[in-house]
Structure formats: structure tokens, C-alpha cells
1. Write out, first by first residue and then by second, each pair whose Cβ atoms fall under 7 Å of each other, whose residues are 6+ apart or on separate chains, and whose first residue, in segment 63-84, is over 17 Å from residue 28 (Cα atoms) and open to solvent by 20 Å² or more (accessible area, probe 1.4 Å) while the second is charged (D, E, K, R) and outside any strand (DSSP E or B).
2. With the condition kept exactly as written, say whether any residue in segment 290-301 is open to solvent by 60 Å² or more (accessible area, probe 1.4 Å), hydroxyl-bearing (Ser, Thr, Tyr) and under 26 Å from residue 106 (Cα atoms).
3. Residue pairs, Cβ under 7 Å, 6 or more apart or interchain, first in segment 216-234 and open to solvent by less than 10 Å² (accessible area, probe 1.4 Å), second of a type in the set (Gly, Ala, Ser) and in a strand (DSSP E or B). List them.
4. Does at least one position in segment 315-338 carry a residue that is closer than 24 Å to residue 66 by Cβ, open to solvent by less than 30 Å² (accessible area, probe 1.4 Å), at pLDDT 90 or above and among the small types (Gly, Ala, Ser)?
5. Would you please name the residue that is farthest from the chain's Cα centre (by Cα), looking only at residues in segment 197-226 that are over 20 Å from residue 255 (Cα atoms) and assigned to a loop (DSSP other than H, G, I, E, B)?
6. For segment 192-211, how many residues are within 17 Å of residue 138 (Cβ to Cβ) and either open to solvent by less than 50 Å² (accessible area, probe 1.4 Å) or aliphatic (A, V, I, L, M) (or both)?
7. What are the residues in segment 264-281 that are more than 15 Å from residue 240 (Cα to Cα), open to solvent by 10 Å² or more (accessible area, probe 1.4 Å) and modelled with pLDDT of 90 or more, if any?
8. Taking residue 131, is it in contact with a Pro (Cβ under 6 Å, 6 or more places away or on another chain) and open to solvent by 20 Å² or more (accessible area, probe 1.4 Å)?
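The values are calculated or read from the model by the stated rules, or taken from the named source; none is laboratory data. Since we're looking at a predicted model, the values are computed, not measured. Neighbour counts are summed over all protein chains in view; Cβ atoms, including those assigned to glycine, are modelled from backbone coordinates with ideal geometry. Only protein heavy atoms, including side chains, enter the accessible area calculation; ligands, DNA and RNA are left aside. Shrake-Rupley method; radii C 1.70, N 1.55, O 1.52, S 1.80 Å.
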Amino acid sequence: MPLPFGLKLKRTRRYTVSSKSCLVARIQLLDNEFVEFTLSVESTGQESLEAVAQRLELREITYFSLWYYNKQNQRRWVDLDKPLKKQLDKYALEPTVYFGVVYYVPTVSQLQQEITRYQYYLQLKKDILEGNIPCTLEQAIQLAGLAVQADFGDFDQYESQDFLQRFALFPVGWLQDEKVLEEATQKVALLHQKYRGLTPPDAEMLYMQEVERMDGYGEESYPAKDSQGSDICIGACLDGIFVKHKNGRPPVIFRWHDIANMSHNKSFFALELTNKEETIQFQTEDMETAKYVWRLCVARHKFYRLNKFLNIFFSDNLFGNNQNGYYCHSQTSLDRALDYNGRIRNGSVYSAHSTNSLNNPQPFLQPSPMSSNPSITGSDVMRPDYVPTHRHSALIPPYYQLLSRDDDFLTKSVKFL
């Protein structure tokens, strides 16, 4: 519409704050809550992770990191050393980032802080309900009973247990038979009664101890093919690199101490074993996947070796003496677990002598209070037994959702000691 009297306004360029100077990071937490942080466009993944840790009053962040879906709808861990915005713009399917456990522990008893165990519990429950860790019907019922006690408390504070029918107790799309589902839910209700008096932290601990004994715990895998062209899944777990065949053959685990070298070339990922001259080679979907699997396996290898060393050094305490409020800086970036000692054409080398850093524990620094609540003093936050006020405060925990029953690197090598 023309302006009166022939007036004309000079056209100006408009810039949104989020696109030019700031990044509004949208991050989904393990309880399915979404939080947003306003960061600089140059803010690294580490800064974003620390913002989440501060929001959660979490200081044992070594086990956690951020991830996103790439354009092929595959999970990819954020590189904590690089700007988050550049990674999302270049690789992500959508701008949403997810918070989760990147390094699983051999035993949950080594988690020192109550809030750490709570976040870890949320991750394991998510792994079960999303089917990432397979379980039997009996195991699912047992775990659901513990989860209900942990999330809802004692059964006798409710008029009835009918509310259990509205929430996801079992893996999505798992039980299609309504009769079987109803019977399983009734068994969960009986277990809920049995666990009366069990505190939420104790119920969560029992839940995590059950899950850590199950096959699939701590595994992250990707589709590939073996040398015969058979479809397999290859990935890393606590003990080493595993290969699972889809034709019914038993899985194979190459333990960390048996692996002399790992490499990738184009779309191929290869292992060299210490006691054998042969090289075991696998073909992934593409060059990017081969590179990522290589980085994933190298990072897992270094973390679990470091974890084993610190368990010995600190008598089964990964973080040393927490009475003084010390903590360990996060090392969750896949690249951060790598110390390059040289360059070769089309790749880089990670050789044996660069793992000497494993013999020197990471420095333990006095952190600043990470509480976002001004009424909580720094000394309170650093207590090992400190529990944030939002912990178990909701009658219906955010993780339980109403669900429909019908929803169903180019050549690189790594030398190890």
C-alpha cells in the first residue's frame, strides 16, 4: 500500500539476533523437557554442555555429552571443541540437540553424586523404553515396577493404580496383545505395592543395577558388512569392539587389550589384533560413517583404559576425594579423546607413545558453584549427598509420556600400548 503524499521509506536490511550474533540452543534433557540457552554463535559444544550441567546442578559431566540427528537421521555426538552452531548448520537434520550419557560405567556404584545417578537412571530408562537395550517380558516387568516406585513413590498415596495404564511402562510397540499388556501392567502394580517404603534413590539404584547386567548395556552400534558381505552391526562397548551378525551367528567381541591398531580408509573400518597378522575389515555405509565409527571406538578405548587406571589409582573412585568438592573436567568429545602426534596424507596418526597421558590422571580443579538457584550456597551444591530441589518434585515425571499403543576417516591408524 503506497504511503500518503508520496512519502517513501528507505528499505533497511533486517537481521535476527539468533542468526547473526547469538544462537538460541534448544536442548532436550533426559526427562524430555526442552530448555533453551542463548549462546554466542562461536560458543563450543563444551560451553553448551556446561550450560546444561549448570541448569541441572550436575558436576560429574565426564559421562555426559550432547548429540544430534544428522541429515541421514543417524545419531552423532557433538564435537565439544568446535562451535555448536557450525556443526548443526553443516550436519544436523534439525537444530535440536539432545543431552545424554556418552560413556557408560562398568558399575553404577562409581557414580558419586545423587544427581549424577538420577540423570544416569533417566538414560537407562530411556534405553529400555526405546528398545536400545533388549529385555525379556519378565525383565521389563521387574524394571517397570522399580521405575514406578522411583517416579511415583508409594502406591498407597493414590486412590488407585489405574493411572499406570496411561504411561509407558514397556518398550514402545513391544506388546501388541492387549490381554498380555493388561496382565503385565497388573504385575507391575503388584510390584509397586511390594516396593512400598523404598526411597526413589534406592529404587533407581536397583533399576540401574539390573540394567547394567543386561546384554546391550553401554553399546552403541552402526550397520556394516563383514568381509563375506553379510549384514552386521559393529560398535563399541565397555569390553571392546563387538560385531553382531544378523544371520543368527553368536556375537564376537574384540577386547581392548587384544587390539593393536584401528584404521579407516574410505568406507572401510579395520582392526589389527595383537596376536594375529591378519587385518579384520568391515565396510560401513559411507566414508563419513567409517570415520565416525573409528573416532567412536578410539574414544571409547581411551576412556575405558583411563577409567580402569583411575579405579586402581583412587581405589575404585573415579573422582578421588569428593569431600573437598573436586571434580574432573569433561572429556566427552570424541576428538578430545585423541591426541594426534603427526600427519600423513589424507589422514592422521595416533600412535602408542601418545597414550602416555593415560599414566597421568587429569587435574582435579575446584569448580565454581553450578547452582542456578540463588538460595543454594556453593558449599551445599558441592556436597556429595546434595539433592536439587526439583528432584522427584513432580507427581508425574516428565519422562513418562502418553504414548499410542500403535506407535510403533580416510586412512587413519591408532597404535595402542
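1. Taking only residues 6 or more apart or on different chains, the pairs are 81/335; 81/336; 83/42.
2. So far as segment 290-301 goes, no, none of its residues is open to solvent by 60 Å² or more (accessible area, probe 1.4 Å), hydroxyl-bearing (Ser, Thr, Tyr) and under 26 Å from residue 106 (Cα atoms).
3. Filtered contacts from segment 216-234: 232/224; 234/221; 234/224.
4. Among the residues of segment 315-338, not one is closer than 24 Å to residue 66 by Cβ, open to solvent by less than 30 Å² (accessible area, probe 1.4 Å), at pLDDT 90 or above and among the small types (Gly, Ala, Ser), which makes the answer no.
5. If we take residues in segment 197-226 being over 20 Å from residue 255 (Cα atoms) and assigned to a loop (DSSP other than H, G, I, E, B), then 197 is farthest from the chain's Cα centre (by Cα).
6. 5
7. Residues satisfying the conditions are 265, 266, 267, 268, 281.
8. On the way: in contact with a Pro (Cβ under 6 Å, 6 or more places away or on another chain): yes; open to solvent by 20 Å² or more (accessible area, probe 1.4 Å): yes.
Taking the combined requirement at face value, the residue satisfies it.
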